[in-house]
Amino acid sequence: LSSFLSLSFAQSSAPRLEKRGQATQLIVDGKPFLLLAGELHNSSSSNLDYLNTLWKPLKQQHLNTALVAVSWELVEPQEGKFDFSLVDGILKGGRDNNLKIVLLWFGSWKNGLSHYAPEWVKKDTRRFPRIKLENGRSTETISALSTEAMNADAKAFAALMKHVKKADASKQTVIMVQVENEVGVIGAARDYSDFANVEFAKAVPSELMQSLIAHKNELQPQLKSLWEQNGSKTGGTWSQVFGKSASADEAFMAWNYAKYINTVTAAGKAEYNLPMFVNAWIVQPEDKRPGDYPSGGPQSHVHDIWRAAAPTVDILSPDIYLQDTKGITAMYKHSWNPLFIPESFAGLDGAANAFYVIGRHDAIGYSPFGIDNKAEKPAETPIAKAYNILSQLTPEITKAQSEGKITAFTLKADSVQTAELAGYKINVTLRKNWSGVTQASQGYGLVINTAPDEFTVAGSNIDVTFVPLSAGPKMAGLSWVREGIVENGVWKPGRLLNGDNIMISYKLAEQAAVNKTGTGIRLLDEPSISKLKLYRFE
Ligand code: N0T
C-alpha cells in the first residue's frame, strides 16, 4: 500500500501542463512556473567535467532552468546496453545549482540529420534506411518511414524516461522534455527512396482527412488554402489532396515525422509522463521551397498535420533566429498550442523577446541558445536583468496570464505601439528625453492590470501612456507611481516617482492635445518594476 501511495503521489504531482483560466501553464511543485531558461551548446553535456564548469554563471544570469542535450549515441552506445551516467550528472548539476532541467532528446534527428544516432544505427543502413534525395543520392538522415528506426528510438527514449522517473520523480529536477531536434528533410522536399515513393503514391490516411475535416474552421491559413485550391477533397493521394507542388511532399513528410515522433513520445510518456515538445527550424527568408528548410518539421503551415498525427506531443515550438518575433510567435500560438521558445537570441533582443512572449502570448517560457557562452559579468547581461524582473513577478504574471490581464511590448523603431487592457488603450514608445528626443534603440515591457485603474509596469526604455476607453472623462493621468522590488514574494515599495522620474516633457501640453493622453510613466535603461494608479480628467 505504501508503495502504491508514494507512486500515485509522485504521479499526481509530476510537472504538467494545465489550462488555468485563459492560459495553459506549466505546473511545477503545484504552482505555475515560468521557464526563465537557456539552452546549452550541443556538446556541453557530453562530458561532466566540462559541464560542471558551466552551471554557476547560469544561476548568476537568473535562469531557473537549463535546456540540456542527451544523445542517443551516449545513452545506448551498444544496442540494449544503456549508460545513464551523464544523465545522472546533469540531474546532480541541476540540483546542486538550484536549476530545473529540460532534457533535449537528440535521438534519430538533430537539425534534420542523424548525427546523434549510435554507431550501430548509423552503419546499419539496411536495417535503418536513409532518406534518398530526388537525384537518388543517399544522405546521413534516417528515413522517417523506417519502422525499425522508430522502434529502436522509442525503446531508447523509453529507457531514458524510465531512468529519469526512477532517479528524479521524487525531486522533479526534470520538468519537460524535447523530443528530437529540428526534424525534417534537408536537400529535398521529401524522401525519394523506393519505399517512400510507394507510400507517397497511396491515399492520404483517413485519420488525417478526418482530422482536417473536423477542424476545418480553425486550420492554419496556408494549409486551408492549399486544400481548398485543390478542391477540398475528402480523400485521394497526397498529390490529389494537396496538389502537384512540393507542398504535397511536405505534407507527406510532416505526417510521417509526426507519426514517428508520436510513437517515440508515447513510449517515453508511458514510462514517465512529463510534458513533451518538439522544435522547428523555421522557414528562413531566403528559402524557396521545402527542403531548403527541413521539410516535414513542425512548421506552422503543417501544424494541423502534426496535430492529427502527434497527439502525445504537447507543444510545437519555433526556434527563432529571425527578427520577426511578433509574426513568428503569432503563427505558433493557437488555442490548442501553448507557446514555448526553446531557442532564440540572448542579448537585448532576447530580453525583449522574453517579456514579449510571456506577456503577450502567455508563453510558458523563453530560452536563448548558447547560454553557456562566457559572459564577462553574467549578472549584468540583458538576459540576467530581464530574468531578474520576470522571476520577481512570476506569481503576478502567471495569475494575470490566466485572467487575461497582461500585455507586453517590444519595440525597436520609434513608432507608437498599442494594446487594450482593462478599459484602457495603452500607448508605448521608446523612451524620450525631456525634449522629446528618443533615447534608446530597443525598449520592452509588460503591463499587468492589478485592480481597477491600477497597473504594474515593468521593463526598460519605454514611455507608457493610458487612454480611457470607457465612458467618463476622456483623459488619464497618474495618481501616483511607486517603484519597488519583490523580495521572497512580497512587494517592497521604494521611492514614490514623480517629477523628472515620470514621463515629463516640456511638450506635455502639445502631447496631450495630439495624443489625447495625460502624463505617463517612463522606464529607464535599467530594467525596473513600478506600480501606478490612474485618475481621469477632462
Ligand atoms: C539550432 C542551433 C543549434 C541558413 C544552431 C538553428 C541547435 C539547433 N539550429 O546553432 O545547432 O541545436 O537546433 C537553425 C537555424 C536555421 C538558420 C539557417 C540559415
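Report those strands (runs of 3 or more DSSP E) wholly inside the stretch 469-538 carrying at least 1 residues which are of a type outside the set (A, V, I, L, M, F, W, C) and at pLDDT 95 or above.
Where strands (runs of 3 or more DSSP E) fall fully within the stretch 469-538 and carry at least 1 residues being of a type outside the set (A, V, I, L, M, F, W, C) and at pLDDT 95 or above, they are 475-487, 490-496, 528-537.
Say whether the condition of being more than 16 Å from the ligand (Cβ to nearest atom), within 15 Å of GLY184 (Cβ to Cβ), open to solvent by less than 10 Å² (accessible area, probe 1.4 Å) and in contact with a His (Cβ under 9 Å, 6 or more places away or on another chain) is met by at least one residue in the stretch 304-327.
Scanning the stretch 304-327 turns up no residue that is more than 16 Å from the ligand (Cβ to nearest atom), within 15 Å of GLY184 (Cβ to Cβ), open to solvent by less than 10 Å² (accessible area, probe 1.4 Å) and in contact with a His (Cβ under 9 Å, 6 or more places away or on another chain).
Taking the stretch 214-234 as the search range and keeping residues that are in a helix (DSSP H, G or I) and open to solvent by less than 60 Å² (accessible area, probe 1.4 Å), which one is nearest to the ligand (Cβ to nearest atom)? Break it down stepwise before answering.
Going through the stretch 214-234, the residues in a helix (DSSP H, G or I) turn out to be 214, 216-218, 221-229.
The next check asks that each one be open to solvent by less than 60 Å² (accessible area, probe 1.4 Å); those that pass are 223, 225-227.
Details: LEU223: 22, SER225: 26, LEU226: 24, TRP227: 28 Å.
Once the filter is applied, the top-ranked residue is LEU223.
Return the residues of the stretch 332-353 that are of a type in the set (A, V, I, L, M, F, W, C), within 16 Å of the ligand (Cβ to nearest atom) and outside any loop (DSSP other than H, G, I, E, B); say none if nothing qualifies.
Scanning the stretch 332-353 gives PHE340, ILE341.
In the stretch 249-286, how many residues are open to solvent by 30 Å² or more (accessible area, probe 1.4 Å), within 16 Å of the ligand (Cβ to nearest atom) and either assigned to a helix (DSSP H, G or I) or closer than 19 Å to LEU113 by Cα (or both)?
So the answer is 3.
Return a yes/no flag: does the stretch 121-142 have any residue that is within 21 Å of GLY268 (Cβ to Cβ) and open to solvent by 10 Å² or more (accessible area, probe 1.4 Å).
Checked against the condition, which is being within 21 Å of GLY268 (Cβ to Cβ) and open to solvent by 10 Å² or more (accessible area, probe 1.4 Å), the stretch 121-142 yields no hits at all.
If you take the residues in the stretch 138-187 that are of a type in the set (D, E, K, R) and free of Cβ contacts under 8 Å to residues at least 24 places away in the same chain, which one is nearest to TRP281 (Cα to Cα)? Talk me through it step by step, then tell me what you get.
Initial filter on the stretch 138-187 (of a type in the set (D, E, K, R)): 140, 148, 153, 155, 162, 165-166, 168, 171, 180, 182.
Going one step further and asking which of them are free of Cβ contacts under 8 Å to residues at least 24 places away in the same chain, we end up with 148, 166.
Values: GLU148: 26, LYS166: 33 Å.
Checked the stretch 138-187; the qualifying residue nearest to TRP281 (Cα to Cα) is GLU148.
Which of (1) within 16 Å of the ligand (Cβ to nearest atom); (2) outside any strand (DSSP E or B) is the odd one out, the single condition TRP105 does not satisfy?
Result: TRP105 passes all but (2).
Quick one: ARG289 ticks every box in (1) away from the ligand (no atom under 16 Å from the Cβ); (2) open to solvent by 10 Å² or more (accessible area, probe 1.4 Å) except a single one, so which number is it?
Answer for ARG289: the failing condition is (1).
Kindly provide the set of residues from the stretch 154-199 that are within 16 Å of the ligand (Cβ to nearest atom) and within 13 Å of PHE252 (Cα to Cα), ordered by number.
Answer for the stretch 154-199, where residues must be within 16 Å of the ligand (Cβ to nearest atom) and within 13 Å of PHE252 (Cα to Cα): GLY184, VAL185.
Hand me the list of strands (runs of 3 or more DSSP E) wholly inside the stretch 400-465 holding 2 or more residues that are open to solvent by less than 60 Å² (accessible area, probe 1.4 Å) and closer than 21 Å to GLU483 by Cα.
Correct list: 406-411, 424-430, 443-451, 454-460.
From the set of residues in the stretch 354-377 that are open to solvent by 10 Å² or more (accessible area, probe 1.4 Å) and not in a loop (DSSP other than H, G, I, E, B), which is nearest to the ligand (Cβ to nearest atom)?
Among them, the one singled out is PHE369.
Could you check the stretch 1-101 for strands (runs of 3 or more DSSP E) lying wholly inside it with 3 or more residues that are at pLDDT 95 or above, more than 16 Å from the ligand (Cβ to nearest atom) and surrounded by 13 or more Cβ atoms within 10 Å (Cβ to Cβ)? Talk me through it step by step, then tell me what you get.
Numbers: elements: 16-20, 23-28, 31-33, 35-39, 65-71.
Qualifying strands (runs of 3 or more DSSP E): 16-20, 23-28.
Every residue, every condition in (1) touching a helix residue (DSSP H, G or I) at 6+ places or on another chain (Cβ under 6 Å); (2) at positive phi; (3) open to solvent by less than 30 Å² (accessible area, probe 1.4 Å), yes or no:
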| position | (1), (2), (3) |
| --- | --- |
| PHE157 | yes, no, yes |
| LYS171 | no, no, no |
| VAL174 | yes, no, yes |
| ASN181 | no, no, yes |
| ILE186 | no, no, no |
| LEU208 | yes, no, yes |
| GLY243 | no, yes, yes |
| ALA246 | no, no, yes |
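May I ask you to say which residue of ASP362, ASP414 is charged (D, E, K, R), in contact (Cβ under 8 Å) with a residue 60 or more places away in the chain and touching a strand residue (DSSP E or B) at 6+ places or on another chain (Cβ under 8 Å)? Write out each step before concluding.
Details: ASP414 fails: in contact (Cβ under 8 Å) with a residue 60 or more places away in the chain.
None of the others qualify; the one that does is ASP362.
The values are calculated or read from the model by the stated rules, or taken from the named source; none is laboratory data. It should be emphasised that the depicted structure is a prediction, and the values quoted were computed from it without experimental measurement. When we count neighbours, we look across all protein chains shown, and the Cβ atoms used for this are built from the backbone with ideal geometry, even at glycine. With ligands, DNA and RNA removed, areas are computed over all heavy atoms of the protein, side chains included. Shrake-Rupley method; radii C 1.70, N 1.55, O 1.52, S 1.80 Å.
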